[in-house]
Amino acid sequence: MISAVEKIREFMKAQGIEYLLVNSANKYLEEYTPLDENSRYALTDFSGSTGDALVTPETIYLFVDGRYHIQADLEVNHDIISVVKLQTGQSFLEELVKKIPAEKVLGIFSKKNSQKRVEYLKSKGIELKYFETDPLDKVVSYDSSNIVQVDGVPVEEKIKNINYDGAVLITDLEEVSYLFNLRDFSKNYSSKIRGKAVILAGRARLLDDIDDFVESYQGNIFVDKSTINAYDFTLIGDKVKVLDNSPIKLMKAVKTDDEIEHYKDAFRRTDMAVKAIRDYIENNDNISEFDISKQLEKEFKRFGAKSLSFKSIVAKDKNSALAHYSKCAKDEILKDGSLVLIDCGAYYEQGLATDITRVFVKGTPSELQKRVYTIVLKMFLNSYHSNLTNGYAIDELARKIYSENEIDGFVFNHGLGHGIGVSVHEYPPNLSKNVMAKVEIKDNMCFTIEPGLYNEGYFGVRLENSCYMKDGKIRSFVHMNYEKKLIDFSLLSEQEKDWLKEFEVL
């Protein structure tokens with residue numbers, strides 16, 4: 001049977017190109033594309049949620065951020081794949097451009113790259129050749145019979161102030177799902193429906209695809225370049241008008257008071273599921289990562305979850321140093337002194353994603369485990385109580401706390417947090433060193449604060465609370481307590497000890 005690498009190289013030879021970008025995304029530009037729709041996974045065996053690959057005459061470059069450095073090294077065949085480990089603040093596209101010699105043509109799949117990305121590459125002098133069909137794609141059908149209606153502001157109310165001289169095309173699945181108050185809980189790790197939408201003359205309607213609409217409509221069509229793929233953008237042609245931002249994006253990011261109340265209840269149940277799994281770890285011997293992950297899903301369902309919001313991370317000891325470890329292995333058995341990191345979440349009735357990370361230890365912790373855990377806790381507590389409303393500044397504060405309490409060999413190599421909503425990662429807001437994080441976090445925006453420290457020779461600790469902004473102050477949805485036996489209280493200030501009292505409920 002022909003391998004994915006052979007198939008791609010045969011395709012490139014037939015098309016007369018030496019450089020080809022292979023994406024993790026599908027035609028909807030989803031972040032968490034199912035692996036059976038993920039061409040980059042088929043090509044490289046790397047199972048992380050993000051990270052694209054560049055095929056060149058000499059090698060295949062796989063670009064991964066700090067969350068995936070170790071995982072990529074473990075999963076790929078290094079005889080074929082060269083892992084490009086992006087550091088905090090490094091841009092994938094900037095590093096991609098460096099790998100493509102002048103005068104060379106880059107092939108891209110136009111349905112899997114945003115128009116914004118395409119224009120950036122062109123601005124750097126890269127000549128592009130579009131392909132509509134990816135030879136690694138599999139035929140995947142979508143069953144719309146699983147779509148359900150959820151409570152929310154009626155679509156007519158949402159669009160009543162959206163007035164443009166033409167039609168507004170919405171191609172982002174989160175925005176489409178939010179706009180129509182529709183969800184699909186039939187598969188884990190997503191509540192989104194699949195489809196596109198058009199807003200025109202005070203009405204909104206769903207589209208399976210945009211081809212027929214574009215052909216028949218004669219007016220302006222407004223689009224967001226960051227969420228429309230290059231194929232659809234080109235299809236619209238001279239009818240296209242560019243939006244600075246989709247009018248639905250910010251509307252979706254600023255939750256209603258009803259959505260905030262739903263989230264409070266959803267996280268109450270999430271806390272209960274995590275507390276139950278903590279007790280399971282404490283009270284059972286000879287259990288594996290796999291056992292814990294299966295029990296965790298049962299606990300979520302027991303407390304009313306419709307599905308998981310992402311694949312739970314259950315990582316013991318060295319595996320916990322992989323920020324997005326995904327195996328949950330049967331042969332990774334907890335022993336006395338084993339540290340286990342659990343990053344998990346679920347969807348409840350409204351289809352909004354919860355997200356929490358806690359770290360436990362079986363038996364007695366080591367002094368190093370306690371020190372690392374406590375410094376990460378300090379990073380969280382100071383960020384949480386900063387009263388800053390700028391994600392860039394909050395991230396900067398967390399890094400400052402670590403620089404004052406640095407532990408040799410441990411790194412904080414990812415952003416401090418991300419928005420949450422219909423998907424577990426949503427923008428805005430964002431907390432990181434990226435310029436996008438300089439956008440103000442408005443009241444009722446929901447986001448995570450999740451500092452972490454990792455050493456691949458030892459372990460990793462990440463502590464994540466999902467939060468929201470209210471009256472210019474950060475508040476936590478999560479109330480799950482921290483592990484007292486992992487806290488070195490001598491490293492906490494009196495103020496930090498006082499702040500910690502908020503999280504002693506469970």
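The values are calculated or read from the model by the stated rules, or taken from the named source; none is laboratory data. Predicted model only: the values in this text are computed from it and were never measured. Note that we place each Cβ from the backbone using ideal geometry, even for glycine, and neighbour counts take in every protein chain shown.
Details
- Search result, residues across segment 292-327 that are out of contact with any Cys (no Cβ under 9 Å at 6 or more places or on another chain), in contact (Cβ under 8 Å) with a residue 40 or more places away in the chain and either in a helix (DSSP H, G or I) or not hydroxyl-bearing (Ser, Thr, Tyr) (or both): Gly304, Ala305, Lys306, Asp317, Lys318, Ser320, Ala321, Leu322, Ala323, His324
- Looking only at residues in segment 32-46 that are touching an Asp or Glu at 6+ places or on another chain (Cβ under 7 Å) and not hydroxyl-bearing (Ser, Thr, Tyr), the one that is surrounded by the fewest Cβ atoms within 10 Å (Cβ to Cβ) is Asp45.
- Strands (runs of 3 or more DSSP E) contained entirely in segment 54-141, each with at least 2 residues that are within 22 Å of the chain's Cα centre (by Cα): 60-64, 81-85
- Scanning segment 263-284 for any residue that is in contact with a helix residue (DSSP H, G or I) (Cβ under 9 Å, 6 or more places away or on another chain) and surrounded by fewer than 16 Cβ atoms within 10 Å (Cβ to Cβ) turns up at least one such residue.
- Some residue of segment 312-333 being more than 21 Å from Gly48 (Cα to Cα), surrounded by 23 or more Cβ atoms within 10 Å (Cβ to Cβ) and not hydroxyl-bearing (Ser, Thr, Tyr): no
- Subset tally (residues that are assigned to a loop (DSSP other than H, G, I, E, B) and either farther than 16 Å from Gly351 by Cβ or modelled with pLDDT under 95 (or both)) for segment 252-291: 4
- Residue in segment 19-31 that is over 26 Å from the mean Cα position of the chain (by Cα) and surrounded by 15 or more Cβ atoms within 10 Å (Cβ to Cβ) present: yes
- Cross-chain or 6+ apart pairs with Cβ under 8 Å, segment 393-417 first and on the phi > 0 side of the Ramachandran plot, then modelled with pLDDT under 95: Gly409/Gly457
Every residue, every condition in (1) crowded, with 18+ Cβ neighbours inside 10 Å; (2) of a type in the set (S, T, N, Q); (3) over 29 Å from Asp257 (Cα atoms); (4) touching a strand residue (DSSP E or B) at 6+ places or on another chain (Cβ under 8 Å), yes or no:
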{"residue": "Asp395", "(1), (2), (3), (4)": "yes, no, no, yes"}
{"residue": "Leu416", "(1), (2), (3), (4)": "yes, no, no, yes"}
{"residue": "Asn430", "(1), (2), (3), (4)": "yes, yes, no, yes"}
{"residue": "Val435", "(1), (2), (3), (4)": "no, no, no, no"}
{"residue": "Glu440", "(1), (2), (3), (4)": "no, no, no, yes"}
{"residue": "Asp443", "(1), (2), (3), (4)": "no, no, no, yes"}
{"residue": "Tyr454", "(1), (2), (3), (4)": "yes, no, yes, yes"}
{"residue": "Phe459", "(1), (2), (3), (4)": "yes, no, yes, yes"}
{"residue": "Arg462", "(1), (2), (3), (4)": "yes, no, yes, yes"}
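- Checking each residue in segment 460-472 for being polar (S, T, N, Q) and farther than 22 Å from Val361 by Cβ picks out only Ser466.
- Residues that are within 21 Å of Asn229 (Cα to Cα) and under 25 Å from the mean Cα position of the chain (by Cα) within segment 175-207 comprise Glu175, Val176, Ser177, Tyr178, Leu179, Ser190, Lys192, Ile193, Arg194, Gly195, Lys196, Ala197, listed in sequence order.
- For segment 376-390, the condition holds for no residue, the condition being that it is part of a strand (DSSP E or B), under 30 Å from Met436 (Cβ atoms) and in contact (Cβ under 8 Å) with a residue 60 or more places away in the chain.
- Which listed residue is modelled with pLDDT of 95 or more, within 16 Å of Ile108 (Cβ to Cβ) and surrounded by fewer than 19 Cβ atoms within 10 Å (Cβ to Cβ), from Val55, Val97: Val97
- Looking across segment 328-357, the residues that are aliphatic (A, V, I, L, M) and in a loop (DSSP other than H, G, I, E, B) come down to Ala329, Leu334, Leu352.
- Yes/no for Lys311 being modelled with pLDDT under 95 and out of contact with any strand residue (DSSP E or B) (no Cβ under 7 Å at 6 or more places or on another chain): yes
- Filter pass, Asp73 being in contact (Cβ under 8 Å) with a residue 24 or more places away in the chain and over 24 Å from Glu10 (Cα atoms): no
Let's see how each residue does on (1) part of a helix (DSSP H, G or I); (2) of a type in the set (Phe, Trp, Tyr); (3) surrounded by 17 or more Cβ atoms within 10 Å (Cβ to Cβ):
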{"site": "Asn161", "(1), (2), (3)": "no, no, no"}
{"site": "Ser191", "(1), (2), (3)": "no, no, yes"}
{"site": "Asp209", "(1), (2), (3)": "no, no, no"}
{"site": "Phe213", "(1), (2), (3)": "yes, yes, yes"}
{"site": "Thr234", "(1), (2), (3)": "yes, no, no"}
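- Test: Val223 is touching a helix residue (DSSP H, G or I) at 6+ places or on another chain (Cβ under 8 Å) and touching a residue at least 12 places away in the same chain (Cβ under 8 Å): yes
- Which numbered condition Asp224 misses (of (1) of a type in the set (D, E, K, R); (2) more than 30 Å from Lys362 (Cβ to Cβ); (3) touching a Phe, Trp or Tyr at 6+ places or on another chain (Cβ under 9 Å)): (3)
- Qualifying residue in segment 135-153 (condition: within 29 Å of Ala437 (Cβ to Cβ), assigned by TED's automatic domain parsing to the domain that holds Ser24 and either small (Gly, Ala, Ser) or touching a Gly at 6+ places or on another chain (Cβ under 9 Å) (or both)): no
- Residue count for segment 473-496 satisfying the condition of being over 19 Å from Ser366 (Cβ atoms), touching a residue at least 24 places away in the same chain (Cβ under 8 Å) and not polar (S, T, N, Q): 7.
- Top-ranked residue in segment 334-377 [being closer than 15 Å to Met480 by Cβ and among the aromatic types (Phe, Trp, Tyr); ranked as surrounded by the most Cβ atoms within 10 Å (Cβ to Cβ)]: Tyr373
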